Amino acid sequence: MDAGGEVIEAILDRDGNPLGYFERDERGGRPWADELCCAAEVSPGAAAAAIVRSLAGWGATVAGGFGSDLVDAGARRLRTFFTYTLSLSPPIPEPRLPSGLQILPAGQFPPEALYEALLAAYPPGHPDHDDDAPASLDGLYDGTLMGPLHPCSAVAWDGRRVVAAVLVQDAEGKPPLAGPWISEAFRHPGPDYAGLGALLLHCVTARASDAGLTALGLSVTDGNPAQAVYERLGFTRTARWTDLEFPNA
Ligand SMILES: CC(C)(COP(=O)(O)OP(=O)(O)OC[C@H]1O[C@@H](n2cnc3c(N)ncnc32)[C@H](O)[C@@H]1OP(=O)(O)O)[C@@H](O)C(=O)NCCC(=O)NCCS
């Protein structure tokens, strides 16, 4: 089945009846069932065990409560996260900036200029700490991870170094679950910059609405205090997701 360019695959029982559907993807060299869901004709509890068996060795991203059915059937939970969306109409006005800081297009800087703030913002123990964070940032910059960097992406520059960044990808698809996406938001953790992340997010959403975008999505890991920042800025939650891995048979 082909839904808007994405190839949807079905998981079938022995009689050829559908148990579930997913979009085939790959992550870190292993097959990945994206947006895995249960077929409407079967009960999630009954389908879960067969799906865990047929996807042995795979990873998957699952929406809503079906993730818990799969965990009960033997899958291992890797991460729970939430997706959010912000409508950009009516247009958002640009906030006032504190003196001494400039908000500049992220595209004016190479990704290396953001590494110091990035590594400081996601130390070991942070729910989104990633040993390969600089390589992921490079992939966001060059468009290989989520589509091209949108020109509304911005950094905060204190005259000496980049102290915060908000990156937007011109990702494919339609809001609220796809389309233009905030792929990164971080600030240097020093007390001098408290509140700068929200300010830069506000600035970038204003620039995105100026550029004609109608909505921005993002995802945030369960347990990351950034959730409260997004909700204060008016983002609304669209779905709860679980990343899982299925044990080898
Ligand atoms: C998300 C972020 C950009 C927001 O920046 P900000 O607007 O300057 O907001 P702050 O960093 O001051 O933090 C916002 C809230 O989270 C809390 N918080 C931040 N880091 C925290 C931590 N490690 N542990 C507990 N609480 C934390 C703050 O106390 C604050 O709470 P309050 O609003 O109730 O006072 C910034 O917190 C950050 O860079 N975080 C690390 C990277 C990250 O997780 N990015 C989001 C990925 S989805």
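Throughout, read-outs are computed from the coordinates displayed, never taken from laboratory work. Here the structure is a predicted model, which means the values were calculated and not measured. All Cβ positions, even for glycine, are placed from backbone atoms using ideal geometry, and neighbour counts span all protein chains on display.
Things worth noting here:
- The slack between E94 and A228, meaning 0.36 nm per residue of separation minus the straight C-alpha distance, is 46.2 nm.
- For the chain, share of DSSP beta bridges that run antiparallel, in % to the nearest 5: 90 percent
- Percent antiparallel among DSSP beta bridges (both partners in the stretch 2-74, rounded to 5): 80 percent
- Residues W157, W181, sorted so that the one with the fewest Cβ neighbours within 10 Å comes first: W157, W181
- Dividing the radius of gyration of the alpha carbons in the chain by their Kirkwood radius gives 1.01 for Rg/Rh.
- Over the stretch 124-179, the hull volume per residue, using the convex hull of the C-alpha atoms, is 121 Å³.
- Here the extension length gained between A63 and L145 equals 27.4 nm, from 0.36 nm per residue of separation less the Cα-Cα distance.
- Length-normalised contact order of the chain in % [C-alpha pairs under 8 Å, at least 6 apart]: 27 percent
- Sum of -39500 (n - 2.57) over DSSP H runs of 4+, divided by residues of the chain (222 nm, nearest 500): -6500 deg cm²/dmol
- Taking only the Cα atoms of the stretch 2-74, the ratio Rg/Rh comes out at 0.94, with Rh defined as the Kirkwood radius.
- Helix 196-210 and the longest principal axis of the C-alpha atoms of the chain enclose an angle of approximately 80°.
- Extension gain for the segment A178 to S43, taken as residue separation times 0.36 nm less the Cα-Cα distance, is 45.8 nm to one decimal.
- Taking the C-alpha atoms of the stretch 111-249, convex hull volume expressed per residue in Å³: 139 Å³
- Nonlocal amide H pairs with G143, under 5 Å, H built at 1.01 Å: L149
- Label zone at T236, where the point sits 7 Å out along the Cα-to-Cβ direction: the stretch 171-213 residues whose backbone N lies under 14 Å: 176-177
- Of all the options A226, A165, A39, the one that moves most in a Gaussian network model of the chain with Cα springs shorter than 10 angstrom is A39.
- Summarised as an ellipsoid, the stretch 1-134 has semi-axes of 40, 19, 15 Å, derived from the eigenvalues of the Cα gyration tensor scaled by 5 and square-rooted, with the largest first.
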